[in-house]
Ligand code: AMP
Ligand code: MG
């Protein structure tokens, strides 16, 4: 792993699970590896921890090979090259993630939109070299971004030049697949951390304590939450960015403009049962900003969220407020 990757992993790995004594079990096995352009840490406890860990790693690599648009023969690369595919020629998981993404795009009023591949390419977020595109380049790319250009019926049909990017949902979707897979094994608990996505499963006596990174100093925590059997996913402006002329350009883009979303937030953490939903909503809420975002969450009882503003203030949705413990000096908005 090169230094850049290592630094990036370090920033992402800061969402951490803080162990309580009851969670340290005799047969706990763990593994760290690099996939999906991020660091993956898996910790599994129980009789079949070893086998479960091996199968989990295999499944993550398999799904990465289907969804990544930087892997040559993945389903998404094939769709991006041909602008179409029959459902029979792609994996069922691809059909499912595209249908879910399509629905989420409509539900979030386009704040989450997987058709923004052209914008992501212009900024170079998936390349070695990142750069600020010109306004003209972004305007031209804008014509080839938008969920209306993606048609799902008997198969997938993209209007010419549309490029899909599953970066804001694939990690969460894969985490859900792994959680399902783990049900086949005799395990007591598991902590899955895929980049900014954490899922905790298990029926221990006390809930897990999950730390939320402080976006201003990502190697420290802004607070922690007490949760069980759920996904905790953070989208933040500190996770992937570059700086030019003193300005930080981060990777969460507003699909309506192509520029990094700038609605006064530094991070959004979503807590819900499904990691795929948590992942997509965290990105979408970041684009919406605090006022619209908190309204959206309060209208969706299945999700909770913790917003951190650029000033470092924290706002929790009603259902998670009592489970959040801020670190000292952190200002929580009521
Ligand atoms: P996340 O870290 O989950 O917020 O996802 C960010 C990644 O998803 C970026 O690196 C892009 O590849 C892609 N992306 C950026 N902005 C959006 C957006 N508004 N909707 C969907 N995907 C996005
Ligand atoms: Mg996301």
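The values are calculated or read from the model by the stated rules, or taken from the named source; none is laboratory data. All values reported here derive from a predicted model rather than from experimental measurement. In this analysis, Cβ positions are derived from the backbone assuming ideal geometry, glycine residues included, and neighbour counts consider all displayed protein chains.
Need the failing condition index for residue 98 against (1) without any contact (Cβ under 8 Å) to a residue 24 or more places away in the chain; (2) touching a strand residue (DSSP E or B) at 6+ places or on another chain (Cβ under 7 Å); (3) surrounded by 21 or more Cβ atoms within 10 Å (Cβ to Cβ), just the number.
Of everything listed in (1) without any contact (Cβ under 8 Å) to a residue 24 or more places away in the chain; (2) touching a strand residue (DSSP E or B) at 6+ places or on another chain (Cβ under 7 Å); (3) surrounded by 21 or more Cβ atoms within 10 Å (Cβ to Cβ), residue 98 misses just condition (1).
Looking only at segment 281-325, count how many residues are closer than 13 Å to residue 223 by Cβ and without any contact (Cβ under 8 Å) to a residue 60 or more places away in the chain.
Looking only at that region, the number is 6.
With respect to residue 91, is the statement that it is within 19 Å of residue 154 (Cβ to Cβ), at pLDDT 95 or above and more than 16 Å from ligand 1 (Cβ to nearest atom) true?
yes
For segment 220-259, name all the residues that are within 16 Å of ligand 1 (Cβ to nearest atom) and farther than 20 Å from residue 38 by Cα.
If the condition is that a residue be within 16 Å of ligand 1 (Cβ to nearest atom) and farther than 20 Å from residue 38 by Cα, then 248, 254, 255, 256, 257, 258, 259 are the ones that fit.
Yes/no matrix, rows are residues, columns are (1) buried (at least 24 other Cβ atoms within 10 Å of the Cβ); (2) more than 18 Å from the chain's Cα centre (by Cα); (3) under 28 Å from residue 322 (Cβ atoms); (4) at pLDDT below 95:
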residue	(1), (2), (3), (4)
196	yes, no, yes, yes
204	no, yes, yes, yes
215	no, no, yes, no
218	no, no, yes, yes
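Which of (1) farther than 23 Å from residue 142 by Cα; (2) modelled with pLDDT of 95 or more is the odd one out, the single condition residue 260 does not satisfy?
Here residue 260 clears every test but (1).
Do we have residue 215 as in contact with a helix residue (DSSP H, G or I) (Cβ under 9 Å, 6 or more places away or on another chain) and within 16 Å of ligand 1 (Cβ to nearest atom) here?
Taking the combined requirement at face value, the residue does not satisfy it.
If you check 179, 120, 200, which single one turns out to be surrounded by fewer than 23 Cβ atoms within 10 Å (Cβ to Cβ), more than 15 Å from ligand 1 (Cβ to nearest atom), in contact (Cβ under 8 Å) with a residue 40 or more places away in the chain and under 19 Å from the mean Cα position of the chain (by Cα)?
Unique residue meeting the criteria: 179.
Being buried (at least 21 other Cβ atoms within 10 Å of the Cβ), within 16 Å of ligand 1 (Cβ to nearest atom) and over 24 Å from residue 118 (Cβ atoms), is that true of even one residue in segment 308-328?
yes
Could you look through segment 233-258, keep only residues that are out of contact with any strand residue (DSSP E or B) (no Cβ under 7 Å at 6 or more places or on another chain) and under 18 Å from residue 113 (Cα atoms), and pick out the one that is surrounded by the most Cβ atoms within 10 Å (Cβ to Cβ)?
Among those that are out of contact with any strand residue (DSSP E or B) (no Cβ under 7 Å at 6 or more places or on another chain) and under 18 Å from residue 113 (Cα atoms), it is 258.
For segment 288-317, which positions are outside any strand (DSSP E or B) and touching a strand residue (DSSP E or B) at 6+ places or on another chain (Cβ under 8 Å)?
Selection gives 289, 290, 293, 294, 297, 302, 303, 310, 312, 313, 317.
So which of 283, 269 ends up being in a strand (DSSP E or B), within 12 Å of ligand 1 (Cβ to nearest atom), modelled with pLDDT of 95 or more and in contact with a strand residue (DSSP E or B) (Cβ under 6 Å, 6 or more places away or on another chain)?
Matching residue, one of 283, 269: 269.
Return yes when residue 110 is within 16 Å of ligand 2 (Cβ to nearest atom) and at positive phi and no when it is not.
yes
For the subset of segment 180-199 comprising residues that are under 19 Å from residue 235 (Cα atoms) and assigned to a loop (DSSP other than H, G, I, E, B), which member is nearest to ligand 2 (Cβ to nearest atom)?
Looking at residues that are under 19 Å from residue 235 (Cα atoms) and assigned to a loop (DSSP other than H, G, I, E, B), I get 196.
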